[in-house]
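Notes follow the structure.
The values are calculated or read from the model by the stated rules, or taken from the named source; none is laboratory data. Values in this document were obtained by computation on a predicted structure and should not be read as measured data. Note that we place each Cβ from the backbone using ideal geometry, even for glycine, and neighbour counts take in every protein chain shown.
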Amino acid sequence: MAEISKQCCRKVKNKLMPLCFETPLGLLLHIIEMKTGVEPAITFIVLSGFISIYLIFGWCNDFVCNFIGLIYPVYPSLWTVQSPGSFDHKKLLNYWIIYSSIGCIEYFLHKLCDLLLFYWFGKCVFLIWFLKDERELSTVGTSFESEAIAAYTAESILVSQKIQLSVPLRSTILNRNAKWKKNGLTVAGGNGSGNDLNQLFAPFGIFVDENQTVYIADSINNRIVEWKNGEKKGRVVAGGGDSLIGEHMLYGPMDVIIDRKRNSFIIADTGKRRVIRWHYQNDIQSETIIPNIDCRGITIDENGSIYVTDGDRHQVTRYDIGNNEGIIVAGGNGAGDALDQLNIPYSIFVAQDHSVYVSDGGNHRVMKWINGAKEGVVVAGGQRQGESLSQLNYPRGIVVDQSGTVYVADHLNGRVMRWLKDAEQGDIIAGGNGGGDQDNQLLNVTGLAFDKQGNLYIVDMGNSRVQMFNIDYSD
């Protein structure tokens, strides 16, 4: 019975995972997670339960219901004004018509509505379901909105020759017995959560270039920050304005890479459901290259193909130069834990043979999909959620070296693990000393990268900092 209960709980949590990361609720849940370490799904369940009870028995439950119904669609409505095509205009208009019509009816039948114990709860559920269902219909389908994507990709990422790219260091050669210093050095942030130039707030993705300059997706501050080696302050290179409205503004970015040839960043602008190219030496500041996507991880191979995770469709998609449509390279068979499925994919890594590695967050595992394969293999975790050496707890950033060793940011366990090829368990190479802000501690790790020397960079989201662990040559 206990095992059945656990399985039911896991299924409920997996179903709720997509809800826990929708805009703008996801950012709030990330802040709570960062401060408390509580999983977003658990926080979502508790908050939903409290609000549900209040809507049934609480004082002024009619006001709370109508307030939720008013606030919930405000962001997509405002964003639609500035960004046509990001949300369906007609369906949003239908929502406001229904909301207003119900309000008019309630004006005359308010006493009757109050007598119906579950009325305000039912109305709130209906309004949320209506808008969510509308968004799902506009984002999930077999057509993948090919016309819209073709229009964007034809304009933005199709070029006639290969692009010379600054990609994550995929050629890092590390000894399988390599060790790193136990104490990390703070190379970005570490001055509390905030929006000053010496601060970060819930950082996620990271990119380290050949000069050890660190680029960070500073999600709550809605910006990309450049932090040069040895500097005490960073520099905002994308986003970071006071307003969230407008094509040139970011909202909750979760990953960033650099395209040197085209003088631009490629950013997973998660809150606005898009992937954008941000030019830093051009009159055109930003352009959407992939619209309407729940993307949290991006990378590029040496051919210029862009790989993106898609949390809505539970898949990884590749966009090749000269191809108008994306190609599914991992997942795409709905949310689940089968070998041909993913459940909220986060980070991706592409090996030199074009095998795709995916941190499969909801399944607490890292998957490898050989180029052209119909299903993947588990290369780390996959033993359910936990903290033993054979388990992961919502994995995030991943890097794979030339020998096939997988390095993974074990998010809620506050550690970075190394899994040798074909190993049944990993070993801890950084963190794992309890959640805290000491030099040997990590709290809710997200991004992960190595520099050319093999030094390890870790995004310590819970402490709003980036830690570098120097490779240890003493042995």
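Can I42 be described as at pLDDT below 85, crowded, with 16+ Cβ neighbours inside 10 Å, out of contact with any Gly (no Cβ under 6 Å at 6 or more places or on another chain) and under 30 Å from G194 (Cβ atoms)? Yes. Could you go through region 360-369 and let me know if any residue there is of a type outside the set (V, I, T), touching a Phe, Trp or Tyr at 6+ places or on another chain (Cβ under 8 Å), at pLDDT below 95 and surrounded by fewer than 24 Cβ atoms within 10 Å (Cβ to Cβ). Looking for residues that are of a type outside the set (V, I, T), touching a Phe, Trp or Tyr at 6+ places or on another chain (Cβ under 8 Å), at pLDDT below 95 and surrounded by fewer than 24 Cβ atoms within 10 Å (Cβ to Cβ), one finds none in region 360-369, hence no.
Scanning region 222-236 finds no residues that are touching a residue at least 60 places away in the same chain (Cβ under 8 Å) and within 19 Å of the chain's Cα centre (by Cα). Y407: buried (at least 22 other Cβ atoms within 10 Å of the Cβ) and of a type in the set (F, W, Y), yes or no? Yes; evaluated as a whole, the condition is true for this residue.
Looking at region 175-183, can you tell me whether even one residue there is farther than 17 Å from N470 by Cβ and modelled with pLDDT under 95?
Looking through region 175-183, at least one residue is farther than 17 Å from N470 by Cβ and modelled with pLDDT under 95.
If you take the residues in region 117-140 that are within 17 Å of G58 (Cβ to Cβ) and at pLDDT 85 or above, which one is surrounded by the fewest Cβ atoms within 10 Å (Cβ to Cβ)? The extreme case among them is F118.
For region 373-383, indicate whether the set of residues that are basic (K, R), on the phi > 0 side of the Ramachandran plot and either crowded, with 19+ Cβ neighbours inside 10 Å or not in a strand (DSSP E or B) (or both) is non-empty. No: region 373-383 contains no residue that is basic (K, R), on the phi > 0 side of the Ramachandran plot and either crowded, with 19+ Cβ neighbours inside 10 Å or not in a strand (DSSP E or B) (or both). A423 satisfies every condition listed in (1) at pLDDT below 95; (2) surrounded by 22 or more Cβ atoms within 10 Å (Cβ to Cβ); (3) among the aliphatic types (A, V, I, L, M) except (2). Of everything in region 329-344 that is aliphatic (A, V, I, L, M) and crowded, with 17+ Cβ neighbours inside 10 Å, the residue that is farthest from K368 (Cα to Cα) is A335. Screening R296, R260, R313 for residues that are among the charged types (D, E, K, R), buried (at least 18 other Cβ atoms within 10 Å of the Cβ) and either within 24 Å of E226 (Cα to Cα) or without any contact (Cβ under 8 Å) to a residue 40 or more places away in the chain (or both) leaves exactly one candidate, R296. Of all the numbered requirements in (1) at positive phi; (2) modelled with pLDDT under 65, C60 misses one, and that requirement is (2).
I'm trying to understand the selection: among the residues of region 385-411, which are closer than 28 Å to Q352 by Cβ, assigned to a strand (DSSP E or B) and of a type outside the set (S, T, Y)? Of everything in region 385-411, those that are closer than 28 Å to Q352 by Cβ, assigned to a strand (DSSP E or B) and of a type outside the set (S, T, Y) turn out to be L392, P395, R396, G397, I398, V399, V400, V406, V408, A409, D410.
Among the residues of region 429-447, the ones that are touching a strand residue (DSSP E or B) at 6+ places or on another chain (Cβ under 6 Å) and surrounded by fewer than 17 Cβ atoms within 10 Å (Cβ to Cβ) come to 0 in all.
Test G326 against the criterion of being within 25 Å of F207 (Cβ to Cβ), touching a strand residue (DSSP E or B) at 6+ places or on another chain (Cβ under 9 Å) and not charged (D, E, K, R), and give yes or no. Considered against the rule, which asks whether it is within 25 Å of F207 (Cβ to Cβ), touching a strand residue (DSSP E or B) at 6+ places or on another chain (Cβ under 9 Å) and not charged (D, E, K, R), G326 comes out as yes.
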